[in-house]
Amino acid sequence: MLLRHTTDKVKERKALTVNPAKTCQPVGAMYAALGIHGCLPHSHGSQGCCSYHRSTLTRHYKEPVMAATSSFTEGSSVFGGQSNLLQGIGNIFSIYDPDIIAVHSTCLSETIGDDLGQIVAKARTDGKVPEGKHVIQAATPSYVGSHVTGYANMLEGIVKYFATNTDKLINQINLLAGWIEPSDMKELKRILSLMGVNSVLLPDTSDVLDTPMTGKYTMYPKGGTTIPEMVSMGDSLYSVGLGEWGTQKAAIALDNQCKVKFSIEDLPIGLKATDRFIQTLSKVGSVSVPESINDERGKLVDAITDMHQYLYGKRVALWGDPDQLIPLTEFLVDMDMKPVYIVSGTPGKSFDKRMKAILGDRVPEAKFKNGAAADMHLMHQWIKEESVDLLIGNTYGKYISRDENIPFVRMGFPIIDRIGHSYFSTMGYMGGLRILEKMLAVIMDYQDANCPEESFELTM
Amino acid sequence: MVKKKDMSKGLPDPSELMDEILAKYPTKIAKKRKKAMVSNDPKEDQEIQANVRTIPGIITQRGCTYAGCKGVVLGPTRDIINLVHGPIGCSFYAWLTRRNQTRPAEGEDNFMTYAFSTDMQDENIVFGGEAKLKDAIREAYEMFQPKSIGIFSTCPVGLIGDDVHAVAREMKAELGINIFGFSCEGYRGVSQSAGHHIANNGVFTHVVGNNDREREGKFQVNLLGEYNIGGDAFELERLFEEAGFTLLSTFSGNSTIKNMEYSHTADLNMVMCHRSINYIAEMMEEKYGIPWVKVNFISAEGTAKSLRKAAEYFDDAELTAKVEKIIKREMAKVEKVKKEVEPKTTGKLAMMFVGGSRAHHYQDLFKEIGVTTVSAGYEFAHRDDYEGRKVLPNIKIDADTRNIEDLSVSKDDKLFRDDLAEKKQKLMDSGYAFSDYEGMMPEMNSNSLVIDDVNHWETEKLIEFYKPDVFCAGIKEKYVVQKSGVPLKQLHSYDYGGPYAGFEGAINFYKEMERMLSTNIWKMVDAPWKSEPEIVGSFAINE
């Protein structure tokens, strides 16, 4: 057994986290910053943070992930990291020449009280930021929230720095993306274009973390939200934030700073969440829903009706981030599946409320928990108490999958042992089809591998 | 696509490349980086700058002290709960990411598949985290009943004044199991290397020597600095067992605290990764009189040489005969595969920037299949790993090094092995070398470029200049290099392959290089229409 010490004896823990269902803020800030064009993320802390975050993102995307670090030493930890950051900013512009440096803090620099805003301002007055270049910042203390919080903080930092209201409205909406894959960003843009709604997508990691092999390395790939686009966000008609945890802060900042009204929607995962997304686009863009979208929706509904018998009543355990888990749980319930165990290490009060609303009468036996005490070990213990038919979550689920012999679909962050998430989206109706297809594949493979020979089926 | 250089008549003088690299840097940085680059002359004593701070803003591949301590040295041992005291990230990132394989028996403890953390929150930073740490230890003990718990400090811990050592002592007394702490905050040193040293100190103080059990078996050895990436240690265990060596403990791969506790009863320490583990080897010699020798089980020749060296130490006819028998049998298999792969590998060029020993060891493996190393360097090594231990007395102790405690170890009068000390002296008189790491540079070609703590900009320039056939580094460099059209072999994680140690390992590596150096797809990077004249016209366009 791989997790041989896990038992079904669940015990309330107040201090120990075992097998977390989250990681820390800075990696989220790094990911968000990679979604703006010509940007080099910078980690203000010891160099291990930067190394770990780059490694994790690289393993997840199988793509170059560039970022610099302040390389703190004992001295900087005692006397403050100002000189490291000033020196770092100067060096980055002269050696790597990005258009933007996106600085995020770490638990180390936050604990000693480094004020990024003040240091970056000093870098400007000291002439370390060349004309036409930008340094933006976000405070991302690792001991608050999770990787999603860091993502949200960096998005907020980006819009605060760039978005400008010139009183000349532009016929476009801002689409703020929660933490999703490059493939998902691409799919959102495709849906927007089918809908005929002009938009700025922030961030946009497509064509950054899914780049083609050309035989030539490009440090700043062609993708990413551009500076003029980010500036123009202050003159947009409206902002739609996809995912409360990832985007609410940025949407509020845009409203406060540029008076761009907003609404927060779920990530368009599954049928109903996509329906709401399409309705929102239709309303804010004053456009009717085109036939092509109706067709896509119809295809998803068609596949669900066709495959209902294989999914009906299947008990599912899920772990990951609230922005994904909420619409995904709703999708599973809509297909008459039973998401019975759900954990997320990311805190946030509305998780409970939303889950109750989705699961309440439909799956009354469901257990769900988020925040510091909700980890994969707890979920595994629940599974030991009463097993499930399917696991959905990041790569770390493979240990439970093997020990308990449970089919497993990889979704979330990080996925470091399979590819596909960079290229095939789980957003929108077509993304719903992808989720359906992936679940069916593992459930049917399991049946084919485990059923008695006489009930081995050729067709479905 | 990358076009190759002819290096059949020796390597080109890299001065021009060095100048080009340095020209990009601001003056102060150029001055510093210049000292970290050497155009190698194996006949001369050349000095290289190593183990110094990375310049802020430079895209380095280095990690932190915590990574070296928890991730590298303590991580691969299965019967200990490694509890990370800090915010969640540090524990998360070190969770199963290093591929240290382990083979616990049925019913034996294995905590390596778990991540344990105190997941510090802001109130713990403000009011202190010791109470939470104690509770976490109690909870870990209650749930898992481990025999040992290690506590690893992350960056904020030292700053807010949590005393993990005091907590460890208190909890050890309360729970009656072995509990010890490490002050391995990420910022403590200039790289992972500081963490290795801290881990060595901790393991030596709290584990080694806890069990003076009766000796069993002949030719007792420890293997130091072998981390069982991709099963390397399994291959070496196979060879040792057949030859008749009794392997007491590996530091640390497929390892247990239980075995480490009696490792001081060994007759010989064999050191693989000199950088990460020489401290324990030295301390065990000072305290218990166990001599150490440098070995290298990466490459078939190296494996044969290392086995012979160990056999020679014990000077036993039966052991020697068995070792020779194994070498003869295994080398025949190795030679066969070598011949098969040589047409694909001979004359190719490699470069490697990794670790504190691998960038050296793997050169031997490449040499066996006719691949020339044109440039190499370590990520976190010290000058002695480049220039050999002879420079140890000349290494300037800077503030960063002083920061890491050098344990003062004294002779254990009861357990000190005078017989081994005597044996050592006798063997030395006959020319046998102990404590003998000569470093990477004396073994490298003339004009090869040695670079310490290579960074992203330098990597790009190196590829442009040498156009290597294969580049060896880690996950962060992997896709950067491959986007340039050069295949990259990860030498930290082995790209999920291996083992590459020992004879079987050499065979695996030869075959892997045959694959990598003859991969078809690189020839298809350019679309066929790129080499055809552009078609002008609008025939198919429906206007």
Please verify whether the stretch B:416-435 includes one or more residues that are within 30 Å of B:Arg62 (Cα to Cα) and either among the hydroxyl-bearing types (Ser, Thr, Tyr) or not in a helix (DSSP H, G or I) (or both). yes
Would you confirm, using the coordinates I've provided, whether A:Thr73 is more than 24 Å from the chain's Cα centre (by Cα) and either free of Cβ contacts under 8 Å to residues at least 40 places away in the same chain or farther than 30 Å from A:Lys222 by Cβ (or both)? yes
Would you be able to tell me the number of residues in the stretch A:11-47 that are at the interface with another protein chain (Cβ under 10 Å from one of its Cβ atoms), touching a Pro at 6+ places or on another chain (Cβ under 6 Å) and assigned to a helix (DSSP H, G or I)? 0
Within the stretch B:375-410, residues being out of contact with any Asp or Glu (no Cβ under 9 Å at 6 or more places or on another chain), touching a residue at least 60 places away in the same chain (Cβ under 8 Å), outside any helix (DSSP H, G or I) and over 14 Å from B:Ala194 (Cα atoms) number 2
For B:Lys414, are the conditions met, namely being closer than 30 Å to B:Ser518 by Cβ and either within 12 Å of chain A (Cβ to nearest Cβ) or exposed (fewer than 15 other Cβ atoms within 10 Å of the Cβ) (or both)? no
Name the single residue, out of those in the stretch B:49-77 being more than 15 Å from B:Ser255 (Cβ to Cβ) and of a type in the set (A, V, I, L, M), that is farthest from the other protein chains (Cβ to nearest Cβ). B:Ala50
For the stretch B:372-386, check the following and say yes or no: at least one residue is more than 22 Å from B:Met441 (Cβ to Cβ) and among the charged types (D, E, K, R). no
Taking B:Leu365, is it in contact with a helix residue (DSSP H, G or I) (Cβ under 7 Å, 6 or more places away or on another chain), farther than 20 Å from B:Lys305 by Cα and not basic (Lys, Arg)? no
B:Ala332: passes all of (1) surrounded by fewer than 17 Cβ atoms within 10 Å (Cβ to Cβ); (2) among the small types (Gly, Ala, Ser); (3) under 30 Å from B:Ser408 (Cβ atoms) but (3)
Could we say that A:Pro64 is within 7 Å of chain B (Cβ to nearest Cβ) and assigned to a loop (DSSP other than H, G, I, E, B) here? yes
Would you be able to say whether some residue in the stretch A:76-92 is surrounded by fewer than 23 Cβ atoms within 10 Å (Cβ to Cβ), away from chain B (no Cβ under 11 Å), of a type in the set (Gly, Ala, Ser) and in a loop (DSSP other than H, G, I, E, B)? yes
Conditions first: (1) under 22 Å from A:Ala32 (Cα atoms); (2) in contact with a helix residue (DSSP H, G or I) (Cβ under 7 Å, 6 or more places away or on another chain). A:Ile419 passes all but one, so which condition is the exception? (2)
For the stretch B:343-354, pairs from a residue that is part of a strand (DSSP E or B) to a residue that is among the hydroxyl-bearing types (Ser, Thr, Tyr), with Cβ under 6 Å and 6 or more apart or across chains, are B:Leu349/B:Thr372; B:Ala350/B:Thr373; B:Met351/B:Ser375; B:Met352/B:Tyr362
Please indicate, with yes or no, whether at least one residue in the stretch B:187-209 is away from chain A (no Cβ under 14 Å), not β-branched (Val, Ile, Thr) and not in a helix (DSSP H, G or I). yes
Taking A:Ala152 as the residue in question, decide whether it is within 17 Å of the chain's Cα centre (by Cα), closer than 23 Å to A:Gly223 by Cα, in the same structural domain as A:Tyr52 (by TED's automatic domain parsing) and at pLDDT 95 or above. yes
Which listed residue, of A:Ser142, A:Ser183, is crowded, with 20+ Cβ neighbours inside 10 Å, assigned to a loop (DSSP other than H, G, I, E, B), modelled with pLDDT of 95 or more and of a type in the set (S, T, N, Q): A:Ser142
Scope the stretch A:93-121; condition closer than 28 Å to B:Gly474 by Cβ, of a type in the set (Gly, Ala, Ser) and either modelled with pLDDT under 95 or surrounded by fewer than 24 Cβ atoms within 10 Å (Cβ to Cβ) (or both); matching residues: A:Ser94
Give me the pairs, please: first residue somewhere in the stretch B:128-157 and at positive phi, second residue anywhere and among the β-branched types (Val, Ile, Thr), beta-carbon distance under 7 Å, and either six or more positions apart or on two chains. B:Gly128/B:Ile160
Test for A:Gly127: is it within 11 Å of another protein chain (Cβ to nearest Cβ), out of contact with any Phe, Trp or Tyr (no Cβ under 8 Å at 6 or more places or on another chain), surrounded by fewer than 20 Cβ atoms within 10 Å (Cβ to Cβ) and in a loop (DSSP other than H, G, I, E, B): no
How many residues of the stretch B:455-485 are within 10 Å of another protein chain (Cβ to nearest Cβ), crowded, with 22+ Cβ neighbours inside 10 Å and closer than 11 Å to B:Ala350 by Cα? The answer is 0
Kindly list the number of the only condition in (1) assigned to a helix (DSSP H, G or I); (2) within 23 Å of A:Ser263 (Cβ to Cβ) that fails for A:Ile304. (2)
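The values are calculated or read from the model by the stated rules, or taken from the named source; none is laboratory data. Just so you know, these numbers come straight off a predicted model, no measurement behind them. Neighbour counts are summed over all protein chains in view; Cβ atoms, including those assigned to glycine, are modelled from backbone coordinates with ideal geometry.
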